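Trainee: I have a structure here, written as structure tokens, and I will follow up with some questions on it.
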Amino acid sequence: MAKSSEVRPIVLLGYMGSGKSTLLEPLATATSRVAIDLDTYIEQKYEMSISHIFEKYGDFHFRKIERQALQEVLNISNALIALGGGTPCFYDSMKLIRKSSFSIYLKVSTRKLIDRLGNQRNTRPLLSNLNTKEFKSFIEREVAKRSAYYEQADFILEDTSLEQAVSRITTRYKNFVELS
Ligand code: S3P
């Protein structure tokens, strides 16, 4: 059965470095929601870091457990969920997200993502083995591919400050609740 919009989870999605985790706590406070970071949820569930899961079991296994974790967190009442960058782009996950949540795409230019992620390469399993040239073309290619999924979100928020993001999302969400 479809959930009524007041209890629907709110979901933040977007590429690595788009600000999902930064926005999570302030937005949870503003919307009186329970903040859930999907990567942290997975790390606690498996008692293992995301990097370690990639290293030990590989991408395919990570995507399987990520999908399972997504289904679990979408069932948590009153949740505000920050997804991993790849979460909406595998299996039919974007369809599931659209059906069961109010989703927000944090859209950031590829140039900014490259700047922000440049010095975090070692801590991110998908980027850690790439040299500078490979890193840039990887981000450009991946963002182009993943945008088709991200753009299906209920609301697209482009490059804004933290304060603006919180206020624009809360306004847009109120409209969404009133109209549904
Ligand atoms: C990934 C993004 C990461 C994490 C994993 C894979 C991706 O999450 O889930 O390293 O495929 O883009 P963040 O977007 O929170 O960094």
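Bear in mind that the values in this text are calculations on the coordinates, not laboratory data. The structure presented is a predicted model; accordingly, all values stated were derived computationally and were not measured. Counting neighbours? That spans all protein chains shown, and the Cβs are built from the backbone with ideal geometry, glycine included.
Trainee: At 10 °C and 1.306 mPa s, what whole-number value in µm²/s does Stokes-Einstein give for the translational diffusion of the range 36-134, with Rh from the Kirkwood sum over Cα pairs? Working shown, then result.
Mentor: Details: Rh = 14.8 Å.
This corresponds to a translational diffusion coefficient of 107 µm²/s.
Trainee: Output ³J(HN,Hα) for the range 77-89: one whole-Hz value per residue in order, computed from phi by the Karplus curve 6.51 cos²θ - 1.76 cosθ + 1.60 with θ = phi - 60°, and x for Gly and Pro.
Mentor: My calculation for the range 77-89 gives 5, 6, 8, 10, 10, 9, 7, x, x, x, 3, x, 9 Hz in order.
Trainee: On to the next question. Could you name the aspartates and glutamates in cross-link range of Lys95, using Cα to Cα under 13 Å and dropping any fewer than eight places away on the same chain?
Mentor: Qualifying aspartates and glutamates at Cα under 13 Å: Glu151, Asp154.
Trainee: Please list, or write none, the lysines whose alpha carbon is within less than 20 Å of the alpha carbon of Lys133, excluding same-chain residues fewer than 8 places away.
Mentor: Partners within reach: Lys112, Lys145.
Trainee: I want to make sure I understand the PRE zone here: with the label point 7 angstrom from the Cα of Ile76 toward its beta carbon, which residues in the range 37-58 have backbone N atoms less than 12 Å away?
Mentor: Within reach of a label on Ile76, which here means backbone N under 12 Å from a point 7 Å along Cα→Cβ, the range 37-58 contributes 37-45.
Trainee: Sticking with this structure for a sec: Using DSSP loop states and a limit of at most 11 other Cβ atoms within 10 Å to flag GluC sites (Glu not before Pro), what is the longest stretch of the chain containing no flagged site? Write down the numbers at each step before the final one.
Mentor: Numbers: sites that count: Glu6, Glu47, Glu151.
Free of exposed loop sites, the longest segment is 48-150.
Trainee: Please work out the ratio of the alpha-carbon Rg of the chain to 2.2 N^0.38 Å and round it to two decimals.
Mentor: Numbers: Rg = 15.9 Å, N = 180, 2.2 N^0.38 = 15.8 Å.
Normalised by 2.2 N^0.38 Å, the Cα Rg of the chain equals 1.00.
Trainee: Add +1 for every Lys or Arg and -1 for every Asp or Glu among the other residues with Cβ under 14 Å from the Cβ of Glu158, and state the total.
Mentor: Numbers: positive: Lys107, Arg111, Lys112, Arg168, Arg172; negative: Glu151, Asp159.
Computed value for this residue: +3.
Trainee: Let me ask another. Please list, in chain and number order, the residues 5+ apart from Ala82 or on another chain whose amide H is under 5 Å from its amide H, with Hs placed from the backbone.
Mentor: Long-range HN contacts for Ala82: Leu12, Ile36, Asp37, Leu38.
Trainee: Next question, about the same structure. Note down the nm distance, to one decimal, between modelled labels 7 Å out along Cα→Cβ at Ser180 and at Lys95.
Mentor: Modelled inter-label distance: 1.9 nm.
Trainee: Another question about this same structure. Can you give the alpha-carbon Rg of the range 5-48 over 2.2 N^0.38 Å, where N counts its residues?
Mentor: Details: Rg = 11.6 Å, N = 44, 2.2 N^0.38 = 9.3 Å.
Against the compact-globule rule of thumb, the ratio is 1.25.
Trainee: What fraction of the Cα pairs in the range 86-180, stated in percent, has a spacing above 19 angstrom? Present the calculation step by step, with values, prior to reporting the outcome.
Mentor: Working: 2338 of 4465 pairs.
Pairs farther apart than 19 Å: 52 percent.
Trainee: Please give every one of the lysines within straight-line cross-link reach of Lys56, meaning a C-alpha to C-alpha distance under 24 Å, and leave out same-chain neighbours fewer than 8 residues apart.
Mentor: Correct list for Lys56: Lys45, Lys64.
Trainee: How much length is gained if the chain between Ser161 and Ser109 is pulled fully straight, taking 0.36 nm per residue apart and subtracting their Cα-Cα distance, in nm to one decimal?
Mentor: Numbers: separation 52, 0.36 × 52 = 18.72 nm, distance 1.41 nm.
Between Ser161 and Ser109, full extension yields an extra 17.3 nm.
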